[in-house]
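Worksheet: one structure, shown below.
FYI, it's all coordinate maths here, none of it is from the lab. It should be emphasised that the depicted structure is a prediction, and the values quoted were computed from it without experimental measurement. FYI the Cβ positions are ideal-geometry reconstructions off the backbone, even for glycines, and counts take in every protein chain you see.
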Amino acid sequence: MTETAVPPGKAPATAPGARTTRRSLPRRVLARPEVGALIGALAVYLFFFAVAPPFRQMDSLATVLYQSSTIGIVALPVALLMIGGEFDLSAGVAVITSALTASMVSWQLTQNVWVGVLVALAVSLGIGALNGFLLMRTGLPSFLVTLGTFLMLQGLNLAVTKLLTGNVATDSISDMDGFGQAKAVFASSVGIDGVQVKVTVFWWLGFAAIATWVLLRTKFGNWIFAVGGNRDSARSVGVPVGLTKIALFMSVGFAAWFVGMNQLFSFDTVQSGEGVGNEFLYIIAAVIGGCLLTGGYGSAVGAVIGAFIFGMVTQGIVYANWNPDWFKFFLGVMLLAATLVNLWVRRQATRR
Amino acid sequence: MSDTTPAFCAPELVGSSAAPPLVELRGVGKSYGNVRALHGVDLVVRPSTVTCVLGDNGAGKSTLIKVVSGLHQHTEGEYLIDGAPVRLNNPREALGRGIATVYQDLATVPLMPVWRNFFLGSELTRGPWPVRRLDIARMKRVCDGELRAMGIVLDDLEQPIGSLSGGQRQSVAIARAVHFGARALILDEPTAALGVKQSGVVLKYIAAARERGLGVIFITHNPHHAYMVGDHFTVLRLGTVELSAARDEIALDQLTHHMAGGAELAALKHELAQVRGVDTDELPKDPDAAPEAQAEAEAADEADGTGGPDETREEHTA
């Protein structure tokens, strides 16, 4: 059958009748989306390990991990969303919106902080659903839709906070009912071998495990790849495209809520103007981790590594006693390098 | 027509003209406002036959597919599935009745592995809800089995489907339609964007689908491809049926002649004669005797001498 179509002189295929040979192991490993990021992470780690002696201590690693986790928790669903072919520029300020909501609901209504926490969860999921719904109904690019919600939330954060508290920050809720419990969940530390590790690090890794499982082992994960890879094809074989995207936006909302709660219970108060610019850090972490901007390709593990690289660079510059003004420059270089590596890897993976 | 069914087919499928039609169109027409895209079209699709629908651009091929696949509704005539008149509202209903369409753009996601593409939208799962997960082993096994049944052997189902050739991708799409219960398969110009060798691959899978008992509607504008696998030929022109013939009633050169426009081609030659710079003396005298068609006809004649049109098909598709 098919072997007659192979011109003579060509190397015979491995299986009889096969036109394709099994791709070699290195190529299959390279085809994993997170490989480029892993190599990058190793390089950055060794670099700072060499130039910044304080970086070598376990305490420093815990700090790096904490820094990484606050970005990484949101970067995970942002990566899934990007695999699904969409952006969320509102994620950075949505974190603050969530923290402000929890803080102000608790303080203004003099409620147990858990009431505020749950209201904030509902608000965050609502913002995600709104983003997804607007996207599906208007057919506008997510860049525009979420840019709109980003600006709206930024304005609301400032205006509502000033209206209710007369200040740009919320009042401290540290003496309110349930604060201790909530702090234990969202912002405590766990001692491991004398090193205090923030609890968000464990949440981060736990969420990453769940995200990876969902992405690679469930029907929903299959749909994420499909809606990002070819939306029309996905629709024509019966994938609920709208539902998938709305669920992805809501998962970003959930992560924004979680990090917002971490901020609130770490510092007792929230500055209403913060969070602007963080949306790009999430997207950068996802891209460094191997997600394609065009969708359809990427991994949750990659986003973890991307966030870890981000954390290492942020803290490494401090430990190396460099001027932190250079930080954004390095971030830009890394982003470019990561994108080029991704491009190359994808060509290798799909080359015939 | 009966002797065109390969001898190794299941006995009940031989003599397919006796089998009740899967899909039948009786005088079907379709108007878009006051544009009549299709008018008075009769078409019969039986199990284990390939019905070729040929026609130039704008002949009404696409409209015909859209009616049969449920994308549009006919405005005149009758559309019968299994002998009962139907009115399909969307492609999903058509699919539910076993009529699957493989479009040119294939509905695949290039960066996803072959097996994920195969089951996309109909994934197999196992386990209770919170931990309900993909049954990857079973999906790969089924996918491999179905592809092998179609004669496609891939030893790495994890490779992205985008890394397959156009013909292979088309074949995976056909295998998928077959697996998910298609009894009638509509192929929209599957060979149009493919090279010669790739077209051969697809034609082979069309033959394989027929051997599995499917009724195939093969839309094409290439009479050579149609003649290699077709059991019945319907040529559309300006929205009506110009020719409807079983395989044993028509030869390739006649089909080519009808496809090429027949009388229109003579008129075109006449017009060209009035354009300076075109030497009409060098053009063939008779459209039927175009060099390409001639060569094909000779090949067909040779094959006819040895063992009937079926041999021709085997020779071309093997």
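Projected onto the charge dipole of chain A (+1 at Lys/Arg Cβ, -1 at Asp/Glu Cβ, origin at the Cα centre), which of A:PHE133, A:THR170, A:ALA234 gives the Cα projection farthest towards the positive end? Of the candidates, A:ALA234 comes out farthest on the positive side. Excluding same-chain neighbours fewer than eight residues apart, the lysines reachable from A:LYS183 by a Cα-Cα span under 25 Å are A:LYS198. The percentage of C-alpha pairs in region A:32-344 whose separation is greater than 25 Å is 50%.
In this rough spin-label picture, where each label sits 7 Å from Cα along the Cβ direction, the B:ASN57-A:VAL276 distance is 5.3 nm. As I understand it, the value is the acute angle between the Cα axis of helix A:219-229 and the longest principal axis of the Cα atoms of chain A; what does it come to in degrees, rounded to 10? Taking Cα atoms only, the helix is inclined about 80 degrees. Take each residue of peptide A:222-230, count the partner chain Cβ atoms within 10 Å of its Cβ, and average: the result is 6. Can you spot the lysines whose alpha carbon is less than 20 Å from B:LYS269's alpha carbon? Ignore those fewer than 8 places along the same chain. The qualifying lysines are B:LYS285. Taking every C-alpha pair closer than 8 Å and separated by at least 6 residues, the mean separation divided by the residue count of chain A gives a relative contact order of 34 percent. In this structure, the residue pairs whose Cα-Cα separation is over 27 Å, taken from A:LYS245/B:LYS61; A:LYS245/B:LYS66; A:LYS219/B:LYS197; B:LYS61/B:LYS204; B:LYS66/B:LYS204; B:LYS66/B:LYS197, are A:LYS245/B:LYS61; A:LYS245/B:LYS66; A:LYS219/B:LYS197; B:LYS66/B:LYS197. Protection proxy ranking for B:168-175, B:219-226, A:73-80, A:152-159, using the average of other Cβ atoms within 10 Å per residue and placing the highest first: A:73-80, B:168-175, B:219-226, A:152-159. Among A:317-325, A:115-123, A:243-251, the peptide with the highest mean count of other Cβ atoms within 10 Å heads the list, and the full ranking is A:243-251, A:115-123, A:317-325.
Peptide B:151-161 is shielded by partner chain Cβ atoms: per residue, an average of 6 of them sit within 10 Å of its Cβ.
The shape of region B:25-92 comes out oblate: with a ≥ b ≥ c from the C-alpha gyration tensor, a/c is at least 1.5 while a/b does not beat b/c. Round to the nearest 10 and give me the degree value, 0 to 90, for the angle of helix A:327-350's Cα axis relative to the longest principal axis of chain A. Computed tilt is about 30 degrees. If you count, for every residue in A:212-220, the Cβ atoms of partner chains within 10 Å of its Cβ, what is the mean? Across the residues of A:212-220, the mean count of other-chain Cβ atoms within 10 Å is 4.
Packing here is the average count of other Cβ atoms within 10 Å per residue, and on that basis the peptides A:91-102, B:66-77, highest first, run A:91-102, B:66-77.
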